[in-house]
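Read the structure below first, then the notes.
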Amino acid sequence: MPLIDFILNIAGLLLWLTWLSVQFDPLTKTSAASLVGTLKKAGASGPKRWKFLAGLSALLLLRAVIYWEIGAAVNWTPRLDLEFIDLSFRSDYYGHMLLFSLLSFGFTLGIFYLSLLLLSMVNAGVPDADPLQRLVRLYFARVEGWPAALKLMLPFLMGGLLWLALHPLLARLAIVPETKSSGQLFEQAVILGLGTYLAWKYLIVAILVMHLLHSYVYLGRHPVWSFVDVTARNLLSPLRWAPLRLGRVDFLPLAAIALVFLVTEPLSRLPAIEFPPHQPLSRFLPF
């Protein structure tokens, strides 16, 4: 079931990106005064953005029903691992499954935008001539011009604020217990906000491994490899002072990968705040 949930989250992410990408189509922004605009009006009307958003909504609602129908039969307890906070949901309650479906996709979407944020900061000096960096800026246009310090604080702020916003609903559905004080709630928000930075380790390691592979194996001139190389160089720039080059062999990417695991693994192994599924309060649940 976790694998199925992951695949459906990726499908939902593709629908979301397609919904956003339609607005980047030059044919959707031209007027009839131009030749391209005339061709657009003479041909098919093109894809309707709402169809992709409707498809995403249907996917999230339908899979919640499927999880509810078969989750209890296969003895599945859906869990959402938020690094330092673990949430568990009851598969025999539709309300839990609907919320899990939404939050599971939201978690995937959040990791995607965290990745864009990191690429936006690391490759701030990369020109728009790079097609992949230009795509990052298109998807992240509203935040692209923000100061680097504010971008760096954004994961912590958004993670904490989302927990403060969601906690009342989670407590009402008996997924988490009520907090004893506002201070305890804010402590949980701070913990969740700090945990959001750990999502960057996967992208950093992936970029460095691909860069290491491309450094010694010719894989063609695809723009992806140029993007990987420039991103890796920018990620490694703070460590360039280290004498880790021996002849033609550069050990800096390996050292950086080891450093990422050295920093993040002890944090990942810290005891998480676990919220086992509670018996929901029937007076709060109409389903």
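Summary of values
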item	result
Among the candidates SER181, SER226, residue that is over 30 Å from LEU102 (Cβ atoms), surrounded by fewer than 18 Cβ atoms within 10 Å (Cβ to Cβ) and among the hydroxyl-bearing types (Ser, Thr, Tyr)	SER226
Members of segment 72-96 found to be crowded, with 20+ Cβ neighbours inside 10 Å and without any contact (Cβ under 8 Å) to a residue 40 or more places away in the chain, listed by number	SER91
Hey, ALA199 closer than 30 Å to LEU80 by Cβ, out of contact with any Pro (no Cβ under 6 Å at 6 or more places or on another chain) and modelled with pLDDT of 90 or more or not	no
Matching option when the condition is under 29 Å from PRO223 (Cβ atoms), basic (Lys, Arg) and surrounded by fewer than 17 Cβ atoms within 10 Å (Cβ to Cβ), among ARG172, ARG137, ARG142	ARG142
Any chance LYS180 is out of contact with any helix residue (DSSP H, G or I) (no Cβ under 7 Å at 6 or more places or on another chain) and either farther than 23 Å from TYR113 by Cβ or not β-branched (Val, Ile, Thr) (or both)	yes
Residue within segment 242-257 that is on the phi > 0 side of the Ramachandran plot, modelled with pLDDT under 80 and outside any helix (DSSP H, G or I) present	yes
Given (1) part of a loop (DSSP other than H, G, I, E, B); (2) modelled with pLDDT of 85 or more, index of the condition LEU281 fails	(2)
Segment 99-109, subset of a type outside the set (Ser, Thr, Tyr) and surrounded by 20 or more Cβ atoms within 10 Å (Cβ to Cβ), residue farthest from LEU170 (Cα to Cα)	PHE105
Unmet criterion (only one of (1) out of contact with any helix residue (DSSP H, G or I) (no Cβ under 6 Å at 6 or more places or on another chain); (2) of a type outside the set (Gly, Ala, Ser); (3) without any contact (Cβ under 8 Å) to a residue 60 or more places away in the chain) for ILE191	(3)
Checking LEU161 against (1) closer than 27 Å to ARG233 by Cβ; (2) at pLDDT 85 or above, the condition it does not meet	(1)
Of all residues in segment 110-129 being crowded, with 17+ Cβ neighbours inside 10 Å and in a loop (DSSP other than H, G, I, E, B), the one that is farthest from the chain's Cα centre (by Cα)	VAL126
Residues of segment 203-226 that turn out to be assigned to a helix (DSSP H, G or I) and either modelled with pLDDT of 90 or more or among the aliphatic types (A, V, I, L, M) (or both), as a count	11
Per-region count, segment 61-99, residues of a type in the set (Lys, Arg) and assigned to a loop (DSSP other than H, G, I, E, B)	1
Count - residues of segment 125-144 that are out of contact with any helix residue (DSSP H, G or I) (no Cβ under 7 Å at 6 or more places or on another chain) and among the hydrophobic types (A, V, I, L, M, F, W, C)	3
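The values are calculated or read from the model by the stated rules, or taken from the named source; none is laboratory data. Please read these numbers as outputs of a predicted model, since none were measured by experiment. Here Cβ is always computed from backbone atoms with ideal geometry, including for glycine, and neighbour counts include all displayed protein chains.
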